[in-house]
Amino acid sequence: MPLADIDTPALLLDRDRLERNIARMASYFEGRPASLRPHYKTPKCPEVARLQLEAGAIGITCAKLGEAETLAQAGVAASILIANQIVGAPKLRRLVDLAPRFPELIVAVDHPAQIEALDAALAGGSARVGALVECDTGMHRCGSAEPDRTVELAKQLHASRVEYRGIMGYEGHAVLIPEADKRESAARDALAALESHYRALVDSGLEPEIVSGGGTGTHDITGDAPFVTEIQAGSYVFMDGAYRKVRPEFECALVLRTSVLHVRGRLLITDCGLKSLSQDMGMPEGAELPLRCVALSEEHAFVVTDEDADLDLEVGDRIDLLPSHGDTTINMHEQYLVRRGDTLEATWAIAARGKFR
Ligand SMILES: Cc1ncc(COP(=O)(O)O)c(C=O)c1O
């Protein structure tokens, strides 16, 4: 189908840019001690995960059990890290059922009660589940903040049916800092915190096999630390309006194509709104054209053209907007329309959209 005929609003994925992003990140990790375990919370699409694995990723990071289930359904047999705590009987049952579908399945823990519940869920069965102790390295979301506590949790894991595999610490407070020196300084502080947990474990005879962390904005800082074994970067595959200011060497591969419904001077009303485009990280911008989205209602975007731009757009014209936050926008769509140049090459299901359980 020619690109001009696609219906809107639609997520258009530029395959050449996607492949260059995957190759660029993979090449950073070539020959390094640390490896890449890309985060699936961005693409939510098995085809993208396969491309990342083919390019050398050692496994996939997921945010949710439901995301990992879509990889199993698609037959992606990779090492999986669910970088979150799995809490509650319904999820524990799903976790135990899912474990045999992958060569290894690892989750995060940061409380004795989680380990007790995981241990009980594994009793009497043959499923194997590994765990990393999550460390709070400054983001103050989940995680053990004190190395002594991390050692206690590792000991508890060691004595349980859950396999103790190591630690993780994601420096989410640092990854999006636009100024390179401030980002590096925040990431180095987070690394120092993570290293204190690592050293305490080594001193206790519980050397971590896996030390996981890092995001797109810090992959070459955290990924350069000698004690870190893997990086969980996710956003680099597509990039978005927020991230492109931080790491411009990766290309924006994903846009939302929208149609102009109404024109009033410099104001365009287009057919995408809050149900197809997120605004949690700010307003979308024109991907190529000098346009600014100034407001979104449920089904409409209010887009203004730059004062000195002579765009002369009309009803029915298509424009491409760059989502400010890819992850939350993608979660609202069923598919990517994959383009190669001007040709629509494929349709890829966003299998893990809405899989927030
Ligand atoms: C635990 C964890 N690891 C890694 C990432 C990936 O980060 P980025 O989007 O900076 O690539 C995220 C992002 O939310 C995350 O929550």
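FRET efficiency for the Ala309 to Leu3 pair, using the beta carbon distance and R₀ = 25 Å, is estimated at 0.65. Put simply, the amide H of Met168, placed in the peptide plane, has neighbours under 5 Å in Val133, Glu134, Cys135, Ser212, leaving out anything fewer than 5 places away on its chain. In nm, to one decimal, how far is the modelled label at Phe356 from the one at Glu184, with both set 7 Å along Cα→Cβ? With each label placed 7 Å out from Cα toward Cβ, I get 3.8 nm. Here the Karplus relation 6.51 cos²θ - 1.76 cosθ + 1.60, evaluated at θ = phi - 60°, turns the backbone of region 300-317 into coupling constants of 9, 10, 9, 10, 10, 8, 4, 4, 8, 8, 9, 8, 6, 7, 10, 3, x, 5 Hz, with x for every Gly and Pro.
Less than 5 angstrom separates the built amide H of Leu344 from those of Leu3, all sequence-distant by 5 or more or on a different chain. Computed from the C-beta positions of Arg20 and Ala123, the FRET efficiency with R₀ = 56 Å rounds to 0.70.
Protein-only accessible surface at a 1.4 angstrom probe places the residues His140, His111 in the order His140, His111, largest first.
Arg15 contributes an accessible area of around 40 Å² to the protein surface, as traced by a 1.4 Å probe with all chains present. Backbone phi angles across region 164-174, fed through the Karplus curve with coefficients 6.51, -1.76 and 1.60 (θ = phi - 60°), yield HN-Hα couplings of 6, 10, x, 9, 9, x, 9, 8, x, 6, 9 Hz in residue order; Gly and Pro are listed as x. With every protein chain left in place, what is the accessible area per residue of the chain in square angstrom, probe 1.4 Å? With the other protein chains kept in place, the chain gives 42 Å² per residue. A protection proxy built from the mean count of other Cβ atoms within 10 Å ranks the segments 166-176, 197-207, 302-312, most packed first, as 166-176, 197-207, 302-312.
Only Lys, Arg, Asp and Glu carry charge here, each on its Cβ (+1 for the first two, -1 for the last two); on that basis region 146-283 has a dipole of about 860 debye about its Cα centre.
The values are calculated or read from the model by the stated rules, or taken from the named source; none is laboratory data. None of the values given here were measured: they were computed from a predicted structure. Here the Cβ is made from the backbone with ideal geometry for all residues, glycine too, and neighbour counts use every protein chain on show. Quick note on the areas: whole protein, heavy atoms, side chains included, nothing else; ligands and nucleic acids left out. Shrake-Rupley method; radii C 1.70, N 1.55, O 1.52, S 1.80 Å.
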